[in-house]
Each structure stands twice: as structure tokens, then as C-alpha cells.
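*Asks:* Take a look at this one; I'll ask things after.
The values are calculated or read from the model by the stated rules, or taken from the named source; none is laboratory data. Computed from a predicted model, the values in this text were never measured in an experiment. In this analysis, Cβ positions are derived from the backbone assuming ideal geometry, glycine residues included, and neighbour counts consider all displayed protein chains.
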Amino acid sequence: MKRKEGGLYAHLVEELEGAEVLREPEAAYVVGRVRDGLAMAEFQAARGLLGVTEERLAGLLGMSRATLHRRKKAGQLDRMESDRLVRFMRLFARAVEALGGEEGARSWLAAPAVAFQGECPLDFADTEVGAREVEALLMRLEHGVFT
């Protein structure tokens, strides 16, 4: 599979095309990368795609400012932070697909939503359960089921 510059998940925005889950060879690749810890370059690529500050993305990943500084110095995220980063990029790719573009996805992910008790989808997705709910809402929106 051809990889675009800009990070592990940057290519999914264009290659997802209806796939609900990662294809098996791709999943193995992503799992291996997550287990090893993603490079800070992946963090920066995700930050750019999501349109958030370093501090905001670090907070979403459960990192303090001090931890962010240490990770930047080391050049690598730990396994848990990497897993969370992939979760947010999976949501971004899904939102791009459902909403028709990166700008719409960024805007929707950052806007408070009644469905999430006023939290924005990015904040609601700080757990896997929340992320699944965000994905479910995106699927309903994509299929014209407004709830």
C-alpha cells in the first residue's frame, strides 16, 4: 500500500472508501507501530489534520505539558498515547468520509453536540466507548438518520 507523507493515518482520508475497519495487512502494520510507540512526527501530522494545538492534542491523549515536553525530547509516544492517537485519527478519517471533507470534519469534531450532552465529539471520544458512539453518530449522519 502506498503511504503518503504526513503520518500513519494521513492516507486513510483518501483510502478509507467505505471500509469500516482496517484491512488485515494494514491492521497488523498499525498494531505493530502502536505497540512500538508512534513517532512525534505522527503526533504533529495528527495535530495538523485535526486543526488543534499541541497542548489540546496532548490533553486528548492524556498527556500533561511535562509529558508532552518529554515525548518531544524523546521523539516518540508511548503505547497508550499511540493507541489514543490512532483512535482520534480513525474518527477524523470517518468524519471526513461522512461529512465530505477535512474542513467539515474538523469543524464537526470541535463543535458541541447535543448527542454528547454538549461535549464536542473530540472530547466525548476520550474513551473507546465514547469513540464508538461518535462513530455511530457519524454513520447515522452519513445515512441520513438524524437523531
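*Asks:* Only one of Leu91, Leu99, Leu141, Leu137 is of a type outside the set (Gly, Ala, Ser) and within 28 Å of Gly37 (Cα to Cα). Can you tell me which?
*Replies:* Leu91
*Asks:* For the list (1) under 18 Å from Val52 (Cα atoms); (2) touching a residue at least 24 places away in the same chain (Cβ under 8 Å); (3) out of contact with any Pro (no Cβ under 9 Å at 6 or more places or on another chain), I need the number of the one condition that Glu128 fails.
*Replies:* (1) is the only condition that Glu128 fails.
*Asks:* Scanning the range 75-112 for residues that are touching a residue at least 24 places away in the same chain (Cβ under 8 Å) and loosely packed, with under 14 Cβ neighbours inside 10 Å, which turns out farthest from Val31 (Cα to Cα)?
*Replies:* Per the criteria, the residue is Gly75.
*Asks:* Also, quick follow-up: Take Arg90 and decide whether it is modelled with pLDDT under 95 and within 15 Å of Ala46 (Cα to Cα).
*Replies:* So Arg90 passes the test.
*Asks:* Are any residues in the range 50-67 buried (at least 20 other Cβ atoms within 10 Å of the Cβ) and free of Cβ contacts under 8 Å to residues at least 40 places away in the same chain, and if so, which ones?
*Replies:* Leu57, Ala58, Leu61, Met63
*Asks:* Another question about this same structure. Go through the range 124-136 residue by residue and tally those that are in a helix (DSSP H, G or I), among the acidic types (Asp, Glu) and either touching a strand residue (DSSP E or B) at 6+ places or on another chain (Cβ under 8 Å) or surrounded by 17 or more Cβ atoms within 10 Å (Cβ to Cβ) (or both).
*Replies:* 1
*Asks:* What residue, among those in the range 24-80 that are among the β-branched types (Val, Ile, Thr) and under 17 Å from the mean Cα position of the chain (by Cα), is nearest to Phe124 (Cα to Cα)?
*Replies:* Step by step, filter the range 24-80, then rank; the result is Val52.
*Asks:* Within the range 100-110, which residues are closer than 18 Å to Ala46 by Cα and of a type outside the set (Ser, Thr, Tyr)?
*Replies:* Scanning the range 100-110 gives Gly101, Glu102, Glu103, Gly104, Ala105, Arg106, Trp108, Leu109, Ala110.
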